[in-house]
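None of the figures in this text is laboratory data; all of them are computed from the coordinates on show. Just so we're clear, the structure is a prediction, and the values are computed from it rather than from any experiment. Please note: Cβ atoms are built from the backbone with ideal geometry, for glycine as well, and neighbour counts cover all protein chains shown.
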Amino acid sequence: MSFALQGSRMGLIVHAMAGFDYERAKVVLRLPDAYHVEAMIAVGYPGEISDLPAKYQQREMPSGRREIDLSIHEGLFDSNRLVR
């Protein structure tokens with residue numbers, strides 16, 4: 001979480017990945033036997049949607065997740081209402 005927040009502050013995209021080949025990652029990274037791959041995270045600057053193949057461009061839209069304003073408030077609460 002701290003890694004992702006710091007990346008965001010620096011204008012980076014930090015994306016944790018699942019479904020990768022743990023054993024192949026260990027081989028490609030030449031990890032000694034005492035080490036294990038536990039996570040895979042891609043870090044980079046955001047690109048242009050137009051640089052993606054057409055089939056992926058269509059996927060680049062808001063996720064439909066709950067709006068952040070419904071979970072996060074700025075300011076003080078007074079008697080259960082927001083004071084701005």
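Modelled spin-label separation between SER2 and SER50, with each label point placed 7 Å from Cα along the Cα-to-Cβ direction: 4.1 nm. Here is how the number arises for the chain: DSSP H runs of 4 or more residues each give -39500 (n - 2.57), the sum is divided by the residue count, and the result at 222 nm is -5500 deg cm²/dmol. Taken over the alpha carbons of the chain as equal point scatterers, the Debye sum produces base-10 log I(q)/I(0) values at 0.26, 0.27 Å⁻¹ of -1.23, -1.24.
Dipole size of the chain about its Cα centre, with +1 on Lys/Arg Cβ and -1 on Asp/Glu Cβ: approximately 60 debye, rounded to the nearest 20.
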